[in-house]
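K.L.:
What follows is a single structure, and I will ask about it in a moment.
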Amino acid sequence: MTFHPGPSNYLHRSMASGTSSQLAQRRLKIISGHVQPPQAREALSLHPCSAPAASSSIPKRRQEVLKWNGWGYNDSKFIINKKGQAEFTGKRYKLGGMVLPALREWMEKTFGASLEHRTTSRVSLNVNDVPPAIINEGFLYDLKATGISYSFDTEDRVFRAHGHCLNEIFTLREGLFNRIPDLVVWPNCHDDTLKIVELACKHNVCIIPFGGGTSVCNALECPEDEKRAIVSLDTSQMNRILWLDEKNLTAHVEAGIIGQDLERQLGESGYCTGHEPDSMEFSTVGGWVATRASGMKKNIYGNIEDLVVHIKMVTPTGVIEKSCQSPRMSTGPDIHHFILGSEGTLGVVTEVTIKIRPVPEYQKYGSVVFPNFEQGVACLREIARQRCAPASIRLMDNAQFQFGHALKPQVSSIFTSFLDGLKKFYITKFKGFDANQLCVTTLLFEGDREKVLQHEKQVYDIAAKFGGLAAGEDNGQRGYMLTFVIAYLRDLGMEYYLIGESFETSVSWDRVLDLCRNVKERIARECKEKGVQFPPFSTCRVTQTYDTGACVYFYFAFNYRGLSDPIHVYEQIEVAAREEILANGGSLSHHHGVGKLRKQWLRESISDVGIGMLKSVKNYVDPNNIFGNRNLL
Amino acid sequence: MAALVSSNSGYSQKELSCKKKDEFEDILEERRQSSDIQYAMKCYTPAIYKGLSPCKPGTLKTAVLKSEQVQYVIKQLSKETGESPDIIQEEAMEILEEMGHSLRLGAIRFFAFTLSKAFKKLFQRVCVNEEGIQRLTQVIQEHPVVLLPSHRSYTDFLLLSYIMFTYDLPVPVIASGTDFLGMKMVSGLLRMSGAFFMRRTFHGNKLYWAVFAEYVKTIIRKGYAPVEFFVEGTRSRTSKTLTPKFGLLSIVMDPFFKGEVFDTYCVPVSISYERILEESLYAYELLGVPKPKESTSGLLKARRILSENFGSIHVYFGQPVSVRTLASGRINRFQYNLVPRHISQRPSKDLQAFVRDVAYRIELIQIENMVLSPGALVATILLQNLPGMDYDVLVEKTLWLRDLTRSFGGFLDWPGNLSASKVVRSSLTLHSNLMSLVDGRVVLLGGRKEESRLTEELVFQWALSVLMCTSYRNQVVNVFVRPALVAISSQMAQSSRKEDIYHTFIFLRDIFSNEFIFLPGSALKDFEEGCFLLTKCEVIQITPHEIVTDRENAVVSFLAAMFKPFVESYQIICKYLSNDTTQVFTEKQFSSGVQNFVSQLLVTGATQCYEALSRDMQNNALSIFVQLGVVTKKQVANGLTFCANKEAVNKIAAKLGSKIPSEKVLMSRL
Ligand SMILES: Cc1cc2nc3c(=O)[nH]c(=O)nc-3n(C[C@H](O)[C@H](O)[C@H](O)COP(=O)(O)OP(=O)(O)OC[C@H]3O[C@@H](n4cnc5c(N)ncnc54)[C@H](O)[C@@H]3O)c2cc1C
């Protein structure tokens, strides 16, 4: 198992636009530079267990590259440098090594944060705090006999005890979880998984499947009162592409493969799945299936439920799968939908057949500025009505637009900044746009060149009808590039008493505006009531459009100085915000899932009978609650 | 039942102890010192709602007409009736024209000027609690606001707009009855000052309802201006708070429930008149003399009143109440998720109950913040001593009542710098049309000679005076009603056991639930409050199982006498209903029948209860009997008919009649 600290290549895909040959060349260069020699045919063997795991961007010992107490790669983070300026470290991302002169002031102004007031996080994981492992001797004995890789190592266990909810990261920084997995196992393939599940049933051991660990609904958290041994079943070694079928345009992959590896490896053959959740650097196919994930480019490729053709899952009662790979069938309720969104409560997804598409010939970014959020939403609604949404279309509200400015890197050429200034002048003065009202939409078009250009024109024409002004490719591209680094920002904030989180919902078109306004207002009110000293940062964006509605994503953060139990306060506010969402016709979740974080509302979301149906499935499939992470129900 | 009123009552002192009230400022004072023209022409830049998207009245109307809500109803009606949508749309436009306001600054300035003149002539002071104004100013900028004033006079909405203008607040858009429409000039002016008009009855007219509701909601959603209407629905002719209407209240709360606004604030406003402009008009109306149609010339004739003095007005802007806060935990807003919001749904049970509850709460706040004048106390005492009493005794009793009112939480405006005698005397001067001081005796005017044989004409004359006087007593009844009903129950009940008294209390509270304002479903709390107040002034003692009442106590006698007219009137109405001659009757037949019946009783001296002549009382009684199922209501071809269950009516009469001490005994005690 070699570790390749190569850059997160996929993220460098983002050159503004190009012809197909340019694009292909670029990809090739990136790939040849950083990836180990392409896997030989053995990797595509149909007997994967005997084959070594494929190369992965994330090693088996995650701690070698990933932070123990924050998001992402060890080498990539926001810091305040010696000059007191914000800077993003590392070389993985485009922003790497750049100074962001406006960020500090933004933090100070938005949150009342100050560099003098720093929190004191633990410097490293304290092994002595870790609760002792509960060992099921019988299980261990039988497991050893199988030869499947496992570990009791404290770090290994802690790394698989959490996802990336605020409370989880906060806990790591300030203390430790009361309950963590007792043992980590790494099955190499479907058959290994089968054995592990069998042994778990035999010895009554609790299994929690672990994919990329990017869960944001406390789905990976161990139930504190679980008395049985808890085994974290890490799928990372089941990460091969088992076969490609170019006739039918499908790929059969193991569920532990992570997004960036999947896209890179498919790219080598000129294909992609097009499934790009913002967490794709770390999250896995199995995780996507288990949470009903949604990718940025779903408008072209669909969400995970549209992408999967076949799923294989190991459950305590046996293996569930369909007998064919047909595109659609009428055979009673679709069993895939018991698996999609099961959040690790029914079994382990081991293999998935997923749709693939040829890598698009041409990509083009774009952006449009609207005088206000209302106009922006109206435009997105019209684009959805005409069913001409580009691969991605996202509308940021004013606060996020301003925040985008805070993340502008220092510019080397005065020329650019002059242009920048002119642009700002142009928008704010000439067109009568109010800098405190305007908002921006970022666009990504994909396809063959001609069609992209046509499509682009159509979209810009619609935008113009809603007062939208084209604001250039660069702004669009920057927007998408930032998506991946924004997740790193929370760690910087936490150094300065700022805590925050994002949460999402989906809602019908007619309620988008009302929901956005009410939720933001509710957050502001709750903060005030709970004694938060500074006005919170609460902002939203529309990240997906559908025929009948949209996905709305909120960011919410505040300065917690002066609060004795900030996490509790944070949680109360998030509960209030979720209640507001539900009261405004929003869904419990568009793609993050329920986990344990949102369980309390599932019943009212899907009715008593709905809960009953889920329960009876669970009772049949897993009567002894082997998959005991207690998500959903 | 065991939990019922423990000897150390669960009713906490805190809840009742007069919450600290704000100070008042007389806004006429400045008017008397500086130019009215300048005032009317002042720079007027009212504080506005932060989310306001500015729009003109015309645009507002178009927005309403084009709204999904109205268009949906138009399409539906077209389908139902076969009429073309265009024609229905035109009809909708006409409704909007009839209804719509056309807020104009010029008209507002005109009113500011003329009202300054008129108010200075009519009233001594117009007092406003400025802290309330400050609260209002704040909330107006944050949220859509609904002003909910009490309604005693046409002056109410002029006055309120005037005050808003004075304090640089946006003048409200007002939902008022269409009976003004007859007065062309006035209605035009009123419109321009923000009033819009609603037909009193538009039952069954779907289009009207849709247009009207959408109009109000659009104003709320846009935060265009504060919306003002009267929870009581109409002017109270008796000065007693009328039981609330729910329609408009549920309309203004709807945008919140549907998430169209984050919140909506209701601001109860209590407007107390020391003397009401319409006092004699109301008395006529209550006696069933047809109300003169409000025509412009009629109003001009009313100029006569400009030469009279109507004392002070107190306007108290209560604490703004957040609908969101009220609804939290009570209304599940999910119920709106499954139907497009422009399709109006039948309100759910919990919503209906909620609206009802809010309406009552608002009225209770209004009552709590009503300023009571010494004149009301004088009228109360005098009414228990008709036809007149010694001046000295009146002063003494008024003082006694002042203290009692205060200890019961009444909000009194008693001039601290004057002697009691001066205070009483100035009240008599203010009400000189009603009472006068002759040879050391204060008498109610109204031409009744002690010995002369009564005729219907004399009865009518006297009744006018009594009802006018009653309207001042009525300003204070809601302060006393809870302890009074406890006191009366303890006299009526079969024993002094708590349960018996409580049951009697519930019976009375139910019977009189159209007369006084009780929060639905809080009988126990009302009972406890009554007990608490009586214990406080040592009238009753509560032991583990009993409530021991000192029947000789002056407070008990006073309270019983104060509410005796209600008890007796209801008894008389029961008697009328159980008459053999009364079979199936219409509302009209009931009115004239009961009126004749009562007059005969009065002429023959069989009763002294002139209040039984009040139409208001009669209608309240009929409607409560219908609610209690004692009288059944039937819809027939040409209206409603009623039929009384005589046995049940008799039972109520008997219950009301038990052990009420006769007037004679009472008089001697007081
Ligand atoms: C910065 C950031 C951005 C994100 N952006 C997106 C986004 O754009 N779209 C989106 O949909 N989500 C997003 N998420 C949420 C998260 O990435 C998704 O829920 C993702 O699908 C989780 O995959 P994972 O492999 O990390 O699973 P994990 O976090 O490891 O597990 C999630 C749940 O699935 C179960 N599970 C995992 N693998 C399997 C398996 N093989 N079989 C059965 N159960 C399994 C686990 O037990 C757990 O309950 C984001 C999260 C973060 C932190």
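K.L.:
Which ones in the stretch A:573-604 are within 14 Å of chain B (Cβ to nearest Cβ) and over 19 Å from A:D514 (Cβ atoms)?
P.N.:
Hits for the stretch A:573-604 are A:V575, A:W601, A:L602, A:R603, A:E604.
K.L.:
Scanning the stretch A:504-525 for residues that are open to solvent by less than 30 Å² (accessible area, probe 1.4 Å) and among the acidic types (D, E), which turns out nearest to the other protein chains (Cβ to nearest Cβ)?
P.N.:
Once the filter is applied, the top-ranked residue is A:D514.
K.L.:
Whether any residue in the stretch A:16-24 is open to solvent by less than 60 Å² (accessible area, probe 1.4 Å), in a strand (DSSP E or B) and modelled with pLDDT under 90 is what I want to check.
P.N.:
yes
K.L.:
Output the number of the condition that A:G344 fails; it satisfies all remaining conditions of (1) within 16 Å of the ligand (Cβ to nearest atom); (2) touching a helix residue (DSSP H, G or I) at 6+ places or on another chain (Cβ under 6 Å); (3) part of a helix (DSSP H, G or I).
P.N.:
(3)
K.L.:
Run down A:V231, A:V308, A:V289 and say which single residue is open to solvent by less than 30 Å² (accessible area, probe 1.4 Å), modelled with pLDDT of 95 or more, within 12 Å of the ligand (Cβ to nearest atom) and assigned by the TED database to the domain that holds A:T350.
P.N.:
None of the others qualify; the one that does is A:V289.
K.L.:
Out of the residues in the stretch A:245-286 that are among the polar types (S, T, N, Q), within 26 Å of A:T543 (Cα to Cα) and more than 7 Å from the ligand (Cβ to nearest atom), state the one that is surrounded by the most Cβ atoms within 10 Å (Cβ to Cβ).
P.N.:
The selected residue is A:T273.
K.L.:
Looking only at the stretch B:342-376, count how many residues are part of a loop (DSSP other than H, G, I, E, B) and either open to solvent by 50 Å² or more (accessible area, probe 1.4 Å) or within 14 Å of another protein chain (Cβ to nearest Cβ) (or both).
P.N.:
Total satisfying the criteria: 6.
K.L.:
A further question on this structure: Among the residues of the stretch B:41-56, which ones are more than 31 Å from the chain's Cα centre (by Cα) and surrounded by 13 or more Cβ atoms within 10 Å (Cβ to Cβ)?
P.N.:
Result: B:K42, B:Y44, B:G51, B:L52, B:C55.
K.L.:
Please work out which residue is most open to solvent (accessible area, probe 1.4 Å), limiting yourself to the stretch A:362-396 and to residues that are away from the ligand (no atom under 16 Å from the Cβ), at pLDDT 95 or above and in a loop (DSSP other than H, G, I, E, B).
P.N.:
Here the answer is A:R387.
K.L.:
In the set A:K408, A:K423, which member is modelled with pLDDT under 90, under 32 Å from the mean Cα position of the chain (by Cα) and surrounded by 14 or more Cβ atoms within 10 Å (Cβ to Cβ)?
P.N.:
Selected residue: A:K408, the only one of A:K408, A:K423 that is modelled with pLDDT under 90, under 32 Å from the mean Cα position of the chain (by Cα) and surrounded by 14 or more Cβ atoms within 10 Å (Cβ to Cβ).
Every residue, every condition in (1) in the same structural domain as B:L287 (by the TED database); (2) open to solvent by less than 20 Å² (accessible area, probe 1.4 Å); (3) at pLDDT 95 or above, yes or no:
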| residue | (1), (2), (3) |
| --- | --- |
| B:S489 | no, yes, no |
| B:I506 | no, no, yes |
| B:S513 | no, no, yes |
| B:K525 | no, no, yes |
| B:G530 | no, yes, yes |
| B:V539 | no, yes, no |
| B:T543 | no, no, no |
| B:I547 | no, yes, no |
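K.L.:
Testing A:E226 on (1) out of contact with any Gly (no Cβ under 8 Å at 6 or more places or on another chain); (2) more than 13 Å from the ligand (Cβ to nearest atom); (3) open to solvent by 10 Å² or more (accessible area, probe 1.4 Å), one condition comes back false. Which one is that?
P.N.:
(1)
K.L.:
Assess whether B:F262 counts as being within 13 Å of another protein chain (Cβ to nearest Cβ), part of a helix (DSSP H, G or I) and farther than 20 Å from B:G318 by Cα.
P.N.:
Against the criterion (within 13 Å of another protein chain (Cβ to nearest Cβ), part of a helix (DSSP H, G or I) and farther than 20 Å from B:G318 by Cα), B:F262 does not qualify.
K.L.:
Which of the residues that make up the stretch B:245-257 are open to solvent by 10 Å² or more (accessible area, probe 1.4 Å) and within 14 Å of chain A (Cβ to nearest Cβ)?
P.N.:
B:D254
K.L.:
Now for a different question. Among the listed residues B:V393, B:V339, B:V323, identify the single one that is within 14 Å of chain A (Cβ to nearest Cβ) and open to solvent by 30 Å² or more (accessible area, probe 1.4 Å).
P.N.:
Among B:V393, B:V339, B:V323, only B:V339 is within 14 Å of chain A (Cβ to nearest Cβ) and open to solvent by 30 Å² or more (accessible area, probe 1.4 Å).
K.L.:
Name the pairs: first residue in the stretch A:76-96 and at positive phi, second residue assigned to a strand (DSSP E or B) and open to solvent by less than 20 Å² (accessible area, probe 1.4 Å), Cβ to Cβ under 9 Å, at least 6 apart or on different chains?
P.N.:
A:G90/A:Y73
K.L.:
Then there's this: Hand me the list of helices (runs of 4 or more DSSP H) wholly inside the stretch A:226-330 holding 3 or more residues that are in contact with a Cys (Cβ under 9 Å, 6 or more places away or on another chain).
P.N.:
Here the list reads A:259-268.
K.L.:
Would you check which residues across the stretch B:158-170 are within 22 Å of B:I251 (Cα to Cα) and open to solvent by less than 10 Å² (accessible area, probe 1.4 Å) and list them?
P.N.:
Passing the criteria: only B:L160.
K.L.:
Look at B:L437 and say whether it is at pLDDT 95 or above, surrounded by 15 or more Cβ atoms within 10 Å (Cβ to Cβ) and out of contact with any Asp or Glu (no Cβ under 8 Å at 6 or more places or on another chain).
P.N.:
No.
K.L.:
Checking A:N204 against (1) under 26 Å from A:N136 (Cα atoms); (2) crowded, with 22+ Cβ neighbours inside 10 Å, which test does it fail?
P.N.:
Going through the list (1) under 26 Å from A:N136 (Cα atoms); (2) crowded, with 22+ Cβ neighbours inside 10 Å, A:N204 breaks only (2).
K.L.:
A further question on this structure: Kindly evaluate B:E308 against the criterion of being open to solvent by 20 Å² or more (accessible area, probe 1.4 Å) and either within 14 Å of another protein chain (Cβ to nearest Cβ) or modelled with pLDDT of 95 or more (or both).
P.N.:
So B:E308 fails the test.
The values are calculated or read from the model by the stated rules, or taken from the named source; none is laboratory data. The model shown is predicted, which means the values in this text are computed figures rather than measured ones. Every residue, glycine as well, gets a Cβ built from its backbone with ideal geometry; the counts of neighbours run over all protein chains shown. Heavy atoms of the whole protein, side chains included, go into the accessibility calculation; ligands, DNA and RNA do not. Shrake-Rupley method; radii C 1.70, N 1.55, O 1.52, S 1.80 Å.
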